[in-house]
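Q: For reference, the structure I am asking about is given below.
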Amino acid sequence: MVSAHSYAGGQIDSRKLGFVGERKMNRLEQLLEELCPEGVEYKPLSEILLIRNGRDYKGFDSGDIPVYGSGGIMTYIDRFAYDKPSVLIPRKGSLEKLYYVEEPFWTVDTLFYTEIDSAVALPKYVFYYLQMLHLEKLNKAGGVPSLTQAVLNRLKIPVPPLPIQNEIVCILDSFADSNNGLIALLTAELTAREKQFEYYRDKLLTPDNNIPKLHLSECCTTIADGDHQPPPKKEKGIPFITISNITNHNQIDFSKTMFVSPEYYERLAHKRRAQAGDILYTVVGSFGIAVYIETDYKFVFQRHIAILRPDRRTVLPKYLYHAMQATAFYSQADTAAKGAAQRTISLASLNRMEIPVPPLEEQARIVSILDRFDVLCNDLTSGLPRRNRSAPQAI
């Protein structure tokens, strides 16, 4: 039987890991069955480690102790802040850059360092898991991206018994040591998942002739774009996103945005103020990327991005989101896009584009299936059984 047990939130098919993967994955499966058959407990970081602030190093003599900033090693001095294995977490700046350090070190005030209770969690296991969470997504600050101890302390991570943590670390270390082999296999596996997702999405969204097709104008209460006038920029305030902030993974990257004043935001027409359940859709240049708005988080966007507000009597918001990513819909967008330097989809063309609209109950069934596929493709924590299923992984 093929083994594909879950670990630290991901799944690996042991057939694809060769002599390293087969042995290690079998061992991991045995440990999971023996030590936590009921699942893995999630704990907040505050129960696993202490977060410490970095400090200025100026005035110290030169030495052989590295001083870490958010960009890496800055210099070397003659004393250390901590001399045990630690995960260094950016407090400001490049929040995606975490560091795992085993030797004595010093950190400046743009980095937190951690004192980890090794009787509960292995420092390198914590490092790998926090890397997977993409902490830059937790940025709530205007201006320079930043994290706080309060936000980090509330994060919950799975804490299996130490032998399982150690086995996970060994497997992931093997991946890191074999970039041209095992990492390539994992990338290929993820690509295959995405292709499979696209196939089933197109299959589900290609109904028979009994299902009506409706124009987007018939499915939405409003279809608009961002403000056509360049807004007055501020150093902080409400994030202002451009098309470059829309990622190929159908998300908004808020880590590097401009800002506008709250007063400017309040003057915008209601249809241009995104709310939970709205769909953003890029219409200029890199057109054809849909984003589902999960919350009422305030932001402003440029005119190269359209916003659709679904009529929930006709179409479920998440169904519209999935339908606008289907191959058939992209073909319509490709036909509608005009221009040479920057191909553009006009709002008039967007209004005329069509999607199949089955009954709401069928839409809900399709959404449920596609959401599960989406998790398998994009959320590496989907496979690990949880003892406390009500506890969120991140705030």
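The values are calculated or read from the model by the stated rules, or taken from the named source; none is laboratory data. Every value quoted in this text rests on a predicted model; they were computed, and no experiment measured them. All Cβ positions, glycine included, derive from the backbone under ideal geometry; neighbour counts span all protein chains shown. When the accessible area is computed, the model is the full protein with side chains, heavy atoms only, and any ligands, DNA or RNA have been set aside. Shrake-Rupley method; radii C 1.70, N 1.55, O 1.52, S 1.80 Å.
Q: Suppose we keep only residues that are touching an Asp or Glu at 6+ places or on another chain (Cβ under 6 Å) and not in a loop (DSSP other than H, G, I, E, B) within the stretch 274-317. Which one would you say is most open to solvent (accessible area, probe 1.4 Å)?
A: For the stretch 274-317, the residue satisfying everything is Arg309.
Q: Next question, about the same structure. Criterion first (at pLDDT below 50 and farther than 30 Å from Pro90 by Cβ) does Leu35 satisfy it? Please lay out each step first, then the result.
A: Working: at pLDDT below 50: no; farther than 30 Å from Pro90 by Cβ: yes.
No.
Q: So how many residues does the stretch 65-80 have that are open to solvent by 30 Å² or more (accessible area, probe 1.4 Å), closer than 11 Å to Trp106 by Cα and not basic (Lys, Arg)?
A: Count: 7.
Q: Still on this structure: On the basis of being more than 29 Å from Pro359 (Cβ to Cβ), more than 23 Å from the chain's Cα centre (by Cα) and without any contact (Cβ under 8 Å) to a residue 12 or more places away in the chain, does Arg267 make the cut?
A: Values: more than 29 Å from Pro359 (Cβ to Cβ): yes; more than 23 Å from the chain's Cα centre (by Cα): yes; without any contact (Cβ under 8 Å) to a residue 12 or more places away in the chain: yes.
Criteria met by Arg267.
Q: As an exercise: evaluate Met132 against (1) open to solvent by 40 Å² or more (accessible area, probe 1.4 Å); (2) assigned to a loop (DSSP other than H, G, I, E, B); (3) among the hydrophobic types (A, V, I, L, M, F, W, C) and give the number of the one condition it does not meet.
A: Just one mismatch for Met132, condition (2).
Q: Let me ask something else about it. Working only within the stretch 230-256, note down all residues that are part of a loop (DSSP other than H, G, I, E, B), open to solvent by 50 Å² or more (accessible area, probe 1.4 Å) and either closer than 27 Å to Ala323 by Cβ or in contact with a Lys or Arg (Cβ under 9 Å, 6 or more places away or on another chain) (or both).
A: Initially, the stretch 230-256 is screened for residues part of a loop (DSSP other than H, G, I, E, B), giving 230-233, 235-237, 242, 247-251, 253-256.
When the remaining residues are screened for being open to solvent by 50 Å² or more (accessible area, probe 1.4 Å), the result is 230, 232-233, 235-236, 248-249, 251, 253-254, 256.
Scanning the stretch 230-256 gives Asn248, His249, Gln251, Asp253, Phe254.
Q: Taking the residues in the stretch 86-127 that are hydroxyl-bearing (Ser, Thr, Tyr) and modelled with pLDDT under 90 as candidates, determine which candidate is nearest to Tyr57 (Cα to Cα).
A: Thr110
Q: Quick one: would you say Val159 is over 26 Å from Gln251 (Cβ atoms), modelled with pLDDT of 85 or more, within 23 Å of the chain's Cα centre (by Cα) and open to solvent by less than 40 Å² (accessible area, probe 1.4 Å)?
A: yes
Q: All but one of (1) among the charged types (D, E, K, R); (2) in a strand (DSSP E or B); (3) within 21 Å of Pro123 (Cβ to Cβ) hold for Asp64, so report the exception by its number.
A: So the condition that Asp64 fails would be (3).
Q: Take the residues of the stretch 32-43 that are exposed (fewer than 14 other Cβ atoms within 10 Å of the Cβ) and touching a residue at least 12 places away in the same chain (Cβ under 8 Å): which is nearest to the chain's Cα centre (by Cα)? Write out each step before concluding.
A: Applying the first criterion (exposed (fewer than 14 other Cβ atoms within 10 Å of the Cβ)) to the stretch 32-43 yields 33-35, 37-38.
Applying the additional criterion that residues be touching a residue at least 12 places away in the same chain (Cβ under 8 Å) yields 35, 38.
Working: Leu35: 30, Glu38: 28 Å.
Ranking the qualifying residues of the stretch 32-43, first place goes to Glu38.
Q: Okay, next question. Residues to consider are Ser94, Ser118; find the one that is free of Cβ contacts under 8 Å to residues at least 60 places away in the same chain, under 18 Å from Phe254 (Cα atoms) and among the hydroxyl-bearing types (Ser, Thr, Tyr).
A: On the way: Ser118 fails: under 18 Å from Phe254 (Cα atoms).
Answer to the check: Ser94.
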